[in-house]
Amino acid sequence: MPITIQYGILIVNDKFDNELSRHRLYGIDEDIVGADFQLSMSPKTEKLCDLYLGFTSTDCLRLKLDEFGATAERFVFKLILIDTQDNEYITEVDKGIIFAKGDFLWKVKLNNKRA
C-alpha cells in the first residue's frame, strides 16, 4: 500500500537541543499552497528533494541569519511527516545549515542598520 504524507513540520534546535523554531512543510520540490499538499510514496522508498517550508522575518533573527540568509551556526533538524493514517515518520540531521532567500530578510537588514 502506498503511503500518503499529508502534513509535515521541521523543528530547528541548537546544539544543546533547545528548540529555536518550527516550520510547516508546504511542498516538496515545489511550493504547494495549503491543504493541497500531499506526497504519495511506495513503502521502503527514498526521495531526495528540496523542502518548501514556512519561514518568517522573525525566524531570521531567532536563527541569527545574516542579510544574505546564511549563518555559520550549525543546527539539529528534526523532520516529522504525518500520513493520512496519522502515522509519524521522523528523521534527524545533526550539524545542518540554513540558507534562506526571500523578502523576509528585511528584518535582518533593518537590524543591521541599527547596529
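Among the listed pairs 15/44; 64/95; 15/101; 47/78; 44/95; 15/47, give every one whose C-alpha distance is greater than 20 Å.
Long pairs (Cα-Cα over 20 Å): 15/44; 15/101; 44/95; 15/47.
How large is ³J(HN,Hα) for each residue in segment 11-26, as worked out from phi by the Karplus curve 6.51 cos²θ - 1.76 cosθ + 1.60 (θ = phi - 60°), to whole Hz, x for Gly and Pro?
Working through the residues one at a time gives 9, 10, 10, 7, 5, 9, 6, 7, 6, 9, 6, 10, 9, 6, 7, 10 Hz.
Amide H to amide H, which residues 5 or more places from residue 7 or on other chains are under 5 Å from it, using H placed in the peptide plane?
Close amide H contacts, sequence-distant or interchain: 82.
Read the figures in this text as sums done on the coordinates, not as results from a lab. Just so we're clear, the structure is a prediction, and the values are computed from it rather than from any experiment.
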